[in-house]
Amino acid sequence: MFRRLRWNPEPLVADLLARLGAALIGRYTIERELGRGGMATVYLGRDLKHHRAVAIKVLRPELAAALGPERFVREIEIAAGLTHPHILPLHDSGEADGFLYYVMPYVEGESLRDRLNREKQLSIDDATQIAREVASALAYAHSHNVVHRDIKPENILLVSGQAVVSDFGIARGIRAAGGEKLTATGVSVGTPIYMSPEQAAGRGPVDGRADIYSLGCVLYEMLSTSISWPSRRESRRSAGRFLHRLRRRYAARLRRCRPTVSRPRRKLSQRSRNRLPRSTNPSLGLRPQSAACAAWWR
């Protein structure tokens, strides 16, 4: 008889933690894992020089190997220059024993995803406030030619009653450093359900309007309890026909599930996802000037 063998990943994880701790010795200590996603694992750490708790995000080993450190770190340094009350700052970044990592403040609070999982649906005032604060962060970043590329509830932290956007510029660094190498790792930059069609298709450069599209999806989710992914049959349609149907469906759902949402706010959520970013124009309500986006949510 054959005995079924069970694979236990714990020794591998322990070995990885030990190796990471040794690589960062003298600078940071690793206390425990906070969470993991498709691109990285985040750890609670301690900054030994400044005696403070930090969040250390470490890219997946296969992704780090595909990217290489120099270009990645250079791109992240651009994001490190962003200073805004609604942007989580970057303290440090680098390479150690093959690990690519960046360091952020450890903040007490929860993500917007955590809150949506708990409450399902936010009040109109709370959703509007969060959207306004994220839009303010985006306007500032876009004015410095930095695009987030992965706006989603998981990257919006709620700290002391305010929204703070995390991982600013990280997707830019990964995309710029990796290029076609990302395909081999199975990692995509951005989260499909919040991506603008142009970003999802990988056609041409992505600008700030892709972030506004993603924020519109987040606003819709805060107001309506969920955001659905199109069926395979619908996704085969041309982009124009598909987006037209998607807009009508979203608007109808929002009217049905939140009749108290004012018409201007419904239209605001709809306009954010109106068309392919490249085709947006002022007459559609999606202004090309990124600096104007914060005013849309007032």
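The values are calculated or read from the model by the stated rules, or taken from the named source; none is laboratory data. Just so it is clear, the structure is predicted and the values come from calculations on it, not from any experiment. No Cβ is skipped: glycine too gets one built from the backbone with ideal geometry, and neighbour counts run over all protein chains shown.
Couple of notes before you dig in:
- Residue 177 out of contact with any Leu (no Cβ under 6 Å at 6 or more places or on another chain) and either at pLDDT 90 or above or not assigned by the TED database to the domain that holds residue 61 (or both): no
- The listed residue being over 22 Å from residue 119 (Cβ atoms), in the same structural domain as residue 117 (by the TED database) and either under 14 Å from the mean Cα position of the chain (by Cα) or at pLDDT below 85 (or both), out of 185, 225: 185
- The residues of the stretch 105-142 that are in contact with a Pro (Cβ under 7 Å, 6 or more places away or on another chain) and under 30 Å from residue 73 (Cβ atoms), listed by number, are 105, 111, 112, 113.
- Residue 161 being at positive phi and touching a residue at least 40 places away in the same chain (Cβ under 8 Å): no
- A count restricted to the stretch 64-92 and to residues that are at pLDDT below 90 and within 17 Å of residue 42 (Cα to Cα) stands at 2.
The rows are residues; the columns are (1) surrounded by 20 or more Cβ atoms within 10 Å (Cβ to Cβ); (2) part of a loop (DSSP other than H, G, I, E, B); (3) in the same structural domain as residue 157 (by the TED database).
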{"residue": "74", "(1), (2), (3)": "no, no, no"}
{"residue": "78", "(1), (2), (3)": "no, no, no"}
{"residue": "84", "(1), (2), (3)": "no, yes, no"}
{"residue": "93", "(1), (2), (3)": "yes, no, no"}
{"residue": "118", "(1), (2), (3)": "no, no, yes"}
{"residue": "121", "(1), (2), (3)": "no, yes, yes"}
{"residue": "127", "(1), (2), (3)": "yes, no, yes"}
{"residue": "132", "(1), (2), (3)": "no, no, yes"}
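- For the residues 53, 64, the requirement of being touching a residue at least 12 places away in the same chain (Cβ under 8 Å) and surrounded by 18 or more Cβ atoms within 10 Å (Cβ to Cβ) singles out 64.
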